[in-house]
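Since the structure comes first, as structure tokens, the remarks are kept for the end.
What follows is calculated from the coordinates using simple rules that are stated; it is not laboratory data. As the structure is a computational prediction, the values presented were derived from the model and not from experiment. Neighbour counts are summed over all protein chains in view; Cβ atoms, including those assigned to glycine, are modelled from backbone coordinates with ideal geometry.
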Amino acid sequence: MNFDEKMQNYLDILKSATETDEAACAELRAGRRQGAKEKFSRASALYARAASELLELMDMADPSEWAEYQKSVERLIAVSEQMKGYAEAAGDAEKGTKAGEAGGAPKTVPGNDSEDEEAAFAPVAEKPKTTMDQIFGLEDAKQIVMDEIINPLLYEDVYRRYKLENQGGLLLFGPPGGGKTMMARAIAAESGYAFYPVRCSDIVGRYFGDAEKRVRALFDAARKDKNAVVFLDEAEALASRRGGHSTVMNRLVPELLSQMDGFEKAEGHLIVIFATNRPYDLDPAFLRPGRLATHCYIPLPDYRVRFELLKKQIEARPCREEIDIAGFAKRTERYSCADLVNLVAKGCHHPIHREIAARKSGAESTDSFLTQADLERAFQTVHPSVETEEIRRLEKWMAQMGIHYKAA
Ligand SMILES: Nc1ncnc2c1ncn2[C@@H]1O[C@H](COP(=O)(O)OP(=O)(O)OP(=O)(O)O)[C@@H](O)[C@H]1O
Ligand SMILES: [Mg+2]
């Protein structure tokens, strides 16, 4: 068998394993413990076989990919062990029930567990209040978002007159702490749509098959609202390049794509937004026209944004003396917005300590204020969290993708 045939064989085994696993859970829910026990045992054996197939594939793969393969093999073995445990637990529970003992199914049986997880995952809509005006700078990004995402939905008839239609979802990418989440929330607020924020790491659940169920649950929930924004944050956790080694992704990516392709509704609209710090890790299938056609870079803040953000953060604090905001804005090149928020927060610890000490000593006036010196002290400890190398990598990816961006 060549590599591709072997890979197909492995995927087929994995598919049977997950189907058997799901069937076992269904048996359990229906109270058929004997059936569940048999199916869990079979699923355990199938996962173990998938693991050994994957080991053989690993031998044929490029050494640079071995670590990834290794991780998947370990995970498959762990799942196989888990299935064995479930089979035993289902058997024990049955014995218990037969003997007329109280208690029913032990906690380790997944019927209960996965229901708990499903409940824990229930996607909930939010109604964010962040407006575009509250986002400093990012003029290019705002323009793209208004032209490509929001206005085509709010003024559908005008766009139709000009023979322009909605191009699908939006990809927000850029270094950490730059305002991607804030932008997504503003899109929901500006459009008035219900906001469904989800971390992709939460979608990839503990059990095989969970991830697809969760994607469906998410889109089903969003579809119930007339208009909704589905925000898939940390997309790199979910949408990484499909390769033989990435078993969850192999099943999940097609599910997500089909949900995205099928999201046109008779009435109402769904906006799908992905956010990531590592767009180069995304499966290229996501970036095709009609999927995430609009790509929007959220860069690190320039001087003006740093100034505005520091000003807003400092002015919200008790402060009497003049603080050299312009000076801090100049000295914080390469700081992300999150770093700047953190800088001011850390600075506030000093007056808080002073105030607490004064209260403890019973001083008459215990009011404290944030000072230039407090922020200077914080500046010694808060460093930029984004490496220059990370920015270069993003810019290189943009160049490859033909995304134009002019650094400020
Ligand atoms: N342009 C901006 N104007 C005002 N505040 C901003 C701006 N960008 C970010 N912030 C603030 O900075 C912090 C970090 O922003 P946010 O969480 O949106 O970043 P992110 O890009 O989603 O980061 P991550 O990649 O870590 O998820 C938040 O407190 C946000 O309110
Ligand atoms: Mg974020």
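Sites listed here are GluC sites (Glu not before Pro) in segment 292-326 whose DSSP assignment is loop and whose Cβ has at most 15 other Cβ atoms within 10 Å: 321, 322.
Sorted fewest first by neighbouring Cβ atoms within 10 angstrom, 283, 147 come out as 147, 283. Residue-wise HN-Hα couplings along segment 9-15, as the Karplus relation 6.51 cos²θ - 1.76 cosθ + 1.60 with θ = phi - 60° gives them from phi, are 4, 4, 5, 5, 5, 4, 5 Hz; Gly and Pro carry x. In order along segment 220-229, phi translates into HN-Hα couplings of 5, 5, 5, 5, 5, 6, 5, 10, 8, 10 Hz, rounded to whole numbers, per the Karplus curve 6.51 cos²θ - 1.76 cosθ + 1.60 with θ = phi - 60° and x for Gly and Pro. Listed by chain and number, the aspartates and glutamates placed with their C-alpha closer than 19 angstrom to that of residue 39 are 12, 19, 21, 22, 27, 81, 88, 92, 94, 113, 115, 210; residues fewer than eight positions away on the same chain are left out. For the residue pairs 163/224; 180/226; 180/396, the alpha carbons lie more than 27 Å apart in 163/224. Only Cα pairs under 8 Å and 6+ residues apart enter the sum, and on that basis the relative contact order of segment 253-360 stands at 24 percent. Were the residues from residue 392 through residue 143 laid out at 0.36 nm apart, the gain over their Cα-Cα distance would be 87.2 nm. Using θ = phi - 60° in the Karplus curve 6.51 cos²θ - 1.76 cosθ + 1.60, the 3J(HN,Hα) couplings for segment 335-349 round to 6, 7, 4, 5, 5, 5, 4, 5, 4, 5, 4, 5, x, 5, 4 Hz; x is entered for Gly and Pro. The Cβ shell under 13 Å around residue 194 holds other residues with a net charge of +3, Lys and Arg each +1, Asp and Glu each -1. A DSSP coil position with no more than 16 other Cβ atoms inside 10 Å describes the following trypsin sites (Lys or Arg not before Pro) in segment 299-402: 320, 334. Looking at segment 132-206, which chymotrypsin sites (Phe, Trp or Tyr not before Pro) are DSSP coil and have at most 11 other C-beta atoms within 10 Å of their C-beta? Those satisfying the criteria are 155, 162.
Taking amide H atoms as placed 1.01 Å from N in the peptide plane, the amide H of residue 336 lies under 5 Å from those of 385, 386, each 5 or more residues away in sequence or on another chain. Given R0 = 45 Å, the distance between the Cβ atoms of residue 65 and residue 380 translates into a calculated FRET efficiency of 0.55.
Note that segment 303-385, at 25 °C in a medium of 0.890 mPa s, gets a Stokes-Einstein diffusion coefficient of 186 µm²/s from its Kirkwood radius over C-alpha pairs.
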